[in-house]
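Everything below concerns the one structure shown next.
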Amino acid sequence: MTDDILETSASPGPEGTPAGAQAAIAAPLPLEWRVAEGLTDYPISLSAMEARIAAIRAGEASELVWLVEHPPTYTSGTSATQDGLVNARFPTYAAGRGGQWTYHGPGQRTAYALLDLTRPHGSVPARDIRAYVLGLEEWMIRTLYRFNVRGERRDGRIGIWVADPKRGGESKIGAIGVRVTRWVSWHGIALNVEPDLEHFGGIVPCGIREHGVTSLWDLGLTVTMDEVDAALRACWVEVFGEG
């Protein structure tokens, strides 16, 4: 996700009760962590997330953090315009979320967080979407810090930015894309570990032309995806609690 998405449909259920509230009253099932093997086609991930959030709302499934890598893919959000797609060299898909053009590909860790936001998660209070987005940012910042990388927020630019000595100035290393449907979140974050950065040239990432994109490997840190996954899991507990 090189674009930043915040689309909500946290609509109330019957008689003004937030959908999913009954499931939230019961003791929640333990959070599930799942790491997908190989590359997951983007349409498959969308279908799987839609099915899972429906089950979470119904109280039939636990919350899920799903770690995936996608084949090289460009996705368009509801704000995407044709001039944001510079070179359609890879398959393109309508993502059904807000935002503009995004890139997913091998070497980029995409973490989908499917959570019942009618209840609190660690430092994130219930029904506070802005706090949830800040929590996702903090999750990435803490994960990067485990590799001695200083990730930072920027006003007006959602996502995580780092000093980029190769290009001068700063570049984006982590993106956030959130959709909330009836108080259940889906989509999540994307952290650039070792993607082919040339692939980002097919779009205008985040609709921002004046800043580049970087990765841990581009910064000289040849960490493995397993190491990044371990850091993500440890830092999740620091921000969102045990689940």
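Axis of helix 225-240 versus longest Cα principal axis of the chain: the two differ by about 40°, to the nearest ten degrees.
The ranking of 211, 121 by Cβ neighbour count inside 10 Å, starting from the fewest, reads 211, 121. Subtracting the Cα-Cα distance of residue 62 and residue 82 from 0.36 nm times their residue separation leaves 3.4 nm of extension gain. If the chain linking residue 221 and residue 39 were pulled fully straight, counting 0.36 nm for each residue of separation and taking away their Cα-Cα distance, it would gain 63.2 nm. Ranked for footprinting exposure by Cβ neighbours inside 10 Å, fewest first, 170, 152 give 152, 170.
Couplings 3J(HN,Hα) for the range 70-75, derived from phi with the Karplus relation 6.51 cos²θ - 1.76 cosθ + 1.60 (θ = phi - 60°), are 10, x, x, 8, 10, 10 Hz, where x marks Gly and Pro. Helix 129-145 and the longest principal axis of the Cα set of the chain meet at an angle near 50°.
Around the Cα centre of the chain, unit charges on the Cβ atoms of Lys, Arg, Asp and Glu (plus for the first two, minus for the last two) sum to a dipole of about 380 debye. Amide H to amide H distances under 5 Å link residue 178 with 5, 6, 7, where only residues 5 or more positions off or on other chains count and H is placed in the peptide plane.
The phi-based Karplus calculation (6.51 cos²θ - 1.76 cosθ + 1.60; θ = phi - 60°) puts the 3J(HN,Hα) values of the range 185-195 at 7, 8, 6, x, 10, 9, 10, 7, 8, 8, x Hz, whole numbers, x for Gly and Pro. Between residue 128 and residue 157, the simple label model (points 7 Å from Cα in the Cβ direction) yields a spacing of 2.7 nm.
Counting only DSSP beta bridges with both residues in the chain, tell me the antiparallel percent, nearest 5. Approximately 70 percent, going by the DSSP bridge assignments.
Charge tally for residue 197 (other residues, Cβ to Cβ under 12 Å; Lys, Arg +1; Asp, Glu -1): -2.
Shown for 172, 166: other C-beta atoms within 10 Å of each C-beta, ranked fewest to most, produce the order 166, 172. Spin-label model, residue 147 to residue 29: label points 7 Å out along the Cα-to-beta-carbon direction sit 3.2 nm apart.
Each value in this text was obtained by applying a stated rule to the coordinates, not by laboratory testing. A quick note: this is a predicted structure, and the numbers were derived from the prediction, not measured. Heads up, the Cβs are rebuilt from the backbone with ideal geometry, glycines too, and the neighbour counts pull from every protein chain shown.
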